[in-house]
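The values are calculated or read from the model by the stated rules, or taken from the named source; none is laboratory data. Predicted model, so just to flag it, every value in this text is computed and none were measured. Positions of Cβ are generated from backbone atoms using ideal geometry, with glycine treated the same way; all protein chains shown enter the neighbour counts.
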Ligand SMILES: [Cu+2]
């Protein structure tokens, strides 16, 4: 029984697992920060954050990481996710034009890096 369970778990872990998650932010600077933070997580192969939809598309190696680790990295640099919110301290480290909590509009045209 244990063997069967172990086999199933191994099967469930994909090498190139595609997933998307919602991450708060508003401009190109946020995009760079979010993607960099995600890619710094070991096991993350691809990260692309879309400004208007706030969707972060990822390809991760499930044997090395999981979505929670990515979310932890994102809140550490000050970006809220659905399940995990950044601390006030982390949020305050983002650039003033990136204060997405006050104004969550798409600011990409006004704040190019
Ligand atoms: Cu920004």
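The residues of region 77-102 that are exposed (fewer than 15 other Cβ atoms within 10 Å of the Cβ) and part of a helix (DSSP H, G or I), listed by number, are 88, 89, 96.
For region 73-85, how many residues are out of contact with any strand residue (DSSP E or B) (no Cβ under 9 Å at 6 or more places or on another chain) and under 16 Å from residue 41 (Cβ atoms)? Counting residues in region 73-85 that are out of contact with any strand residue (DSSP E or B) (no Cβ under 9 Å at 6 or more places or on another chain) and under 16 Å from residue 41 (Cβ atoms) gives 4. When the residues of region 22-46 are filtered to those that are assigned to a strand (DSSP E or B) and surrounded by fewer than 22 Cβ atoms within 10 Å (Cβ to Cβ), which remaining residue is farthest from the ligand (Cβ to nearest atom)? That would be 45. Restricting 56, 74, 19 to those that are modelled with pLDDT of 95 or more, within 16 Å of the ligand (Cβ to nearest atom) and in a strand (DSSP E or B) reduces the list to 56. Scanning region 48-66 for residues that are surrounded by 20 or more Cβ atoms within 10 Å (Cβ to Cβ) and within 9 Å of the chain's Cα centre (by Cα), which turns out farthest from residue 20 (Cα to Cα)? Top of the filtered list is 49. Using the structure shown, decide if residue 110 is within 11 Å of the ligand (Cβ to nearest atom) and at pLDDT below 95. It is true that residue 110 is within 11 Å of the ligand (Cβ to nearest atom) and at pLDDT below 95.
Given the conditions (1) modelled with pLDDT of 95 or more; (2) assigned to a loop (DSSP other than H, G, I, E, B), and given that residue 14 satisfies all but one, which numbered condition is not satisfied? Only one criterion in (1) modelled with pLDDT of 95 or more; (2) assigned to a loop (DSSP other than H, G, I, E, B) is unmet by residue 14, namely (1).
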